[in-house]
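The values are calculated or read from the model by the stated rules, or taken from the named source; none is laboratory data. As the structure is a prediction and not an experimental result, all values here were calculated from the model. Glycine also receives a Cβ, built like all others from the backbone with ideal geometry; neighbour counts cover every protein chain displayed. With ligands, DNA and RNA removed, areas are computed over all heavy atoms of the protein, side chains included. Shrake-Rupley method; radii C 1.70, N 1.55, O 1.52, S 1.80 Å.
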Amino acid sequence: MDVFPAQYSTLSSKALAEFLTIKYDLKNVTCRLLIHNVSDTYLLETETINYVFKVYRDNHRKLAEIKGEVELLNLLFEGKASVAHPIKDAEGKYIQSFNAAEGVRQGVMFSYALGTVVSDMNEEQLATVGKEMAKIHNISSIIELRSSRKEYSIDTMLLNPLAIFKPAFEDLKDEYIFLTQAVNQVAEKISELNLSRFSYGYCQYDFLPKNFHFDETGHLTFFDFDFAGKGHLINDIASFYIHYFLEVYYGKMTQEKADKAFAVFVTNYRKVRSLSDEELAAIPYFGFAFWIFYLGFQYENFDDWSNIFFGPKYLKDRTTLIKKWVELHMN
């Protein structure tokens, strides 16, 4: 019987363990699925060291984009940035190919980020995040990758996503009208900025605490550069500030505490890299753009990821949250 066409398969953990044992010349490997998301992430454990193996979907990331991510992380690692970096196999290759049910899927082995997520960071940890993010930007602002990555612009962050997720708001007319008006206002605000004075390079574009670990010694490791692309580096700082907005929004932290924490981060970022007051003042607009971009991302990946939550209730709740962002930070 012919294999029926599939759009998203899950590679066997057992088969991956056997495959990667040979490819990377490892011993006593166990493998288990860690995250089933827009891509699949597996944890590989050996007697001495752990790794993470990520399997991409072609609908989400083309081979050229994966090469770009590998190249970026290698350059950051070579520049002494604290990132989980790609690992070569025994033949010196970074990318593996799998003939899966839906077609060819690509995979990359990464070093394991020791430690855990810390949401409520102390001053020492905030200082570390600030300095280490600045170190990444010192590198990502002066390189040019051979392989292509997404560019973050008014079109890709705001206008295109607004059009992409419009069908999801068919029965939420008022919410879509609000988002349309706000998107147009923010697009105009950003276009009026003198962006030639803003730092530009490769953004990670998802610098939330879920994407970095602190180990027991206080060492920090950033990971998950899936969204990495060219853009103004204030995008990264805005994505980090979104963490504090959410902490306040859900009642986990006061605004005063959030402001103090973010100020510690900024002070220490500036010890390593310049950050103008003009750039900081633009965080409300670039943060708003992140919310819109992410709605578009969720809509585009509905079949294979977001269908368990992306519905009318979620969209109403998310629009309410975005309205709060506008009320607190843009008025």
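What value, in deg cm²/dmol to 500, does the helix sum -39500 (n - 2.57) over DSSP H runs of n ≥ 4 give at 222 nm once divided by the residues of the chain? Intermediate values should be presented prior to the final figure.
Numbers: 10 runs with 142 residues, N = 331.
The helix contribution divided over the chain gives -14000 deg cm²/dmol.
Return a whole-number percent for the relative contact order of the chain, with Cα pairs under 8 Å and 6 or more residues apart as the contact set.
Contact order relative to length: 18 percent.
Here are some pairs, LYS131/LYS260; LYS80/LYS210; LYS189/LYS271; LYS131/LYS210; which of them have Cα atoms lying more than 25 Å apart in this structure?
Details: LYS131/LYS260 17 Å; LYS80/LYS210 22 Å; LYS189/LYS271 29 Å; LYS131/LYS210 18 Å.
Among LYS131/LYS260; LYS80/LYS210; LYS189/LYS271; LYS131/LYS210, the Cα-Cα distance tops 25 Å for LYS189/LYS271.
Taking only the Cα atoms of the range 87-160, how large is their convex hull per residue, in Å³?
Working: hull volume 17.1 nm³, N = 74.
Convex hull of Cα atoms, per residue: 231 Å³.
Would you calculate the separation in nanometres between label points at ILE35 and TYR250, each defined as 7 Å from the Cα along the Cα-to-beta-carbon direction?
With each label placed 7 Å out from Cα toward Cβ, I get 1.5 nm.
Share of the range 100-189's accessible area from carbon and sulfur, percent, 1.4 Å?
48 percent
In the set (1) 0.95; (2) 1.02; (3) 1.10, which value of Cα Rg over 2.2 N^0.38 Å was calculated from the structure you see?
Here the calculated entry is (2).
Could you check the simple spin-label distance between ILE142 and LYS14, using points 7 Å along Cα→Cβ, in nm with one decimal?
So the two model labels end up 5.1 nm from each other.
Using a 10 Å cut-off on Cβ atoms, rank the peptides 243-252, 80-89 from the highest mean neighbour count down.
Result, highest mean first: 80-89, 243-252.
Sort the following peptides by mean Cβ neighbour count (other Cβ atoms within 10 Å, averaged over residues), highest first: 313-325, 287-299.
Taking the mean over residues of other Cβ atoms within 10 Å, the ranking is 287-299, 313-325.
Could you report the chain's accessible area per residue, 1.4 Å probe, as an integer in Å²?
48 Å²
Build a GNM of the chain with springs between Cα atoms under 10 Å: which of SER196, SER97, SER148 gets the top mean-square fluctuation?
Sorting by GNM fluctuation, first place goes to SER196.
Whenever you get a sec, compute what percent of the accessible area on the range 14-77 sits on carbon and sulfur atoms (1.4 Å probe). Please report the intermediate quantities before stating the final value.
Working: 1690 of 3100 Å².
Of all accessible area on the range 14-77, carbon and sulfur atoms account for 55 percent.
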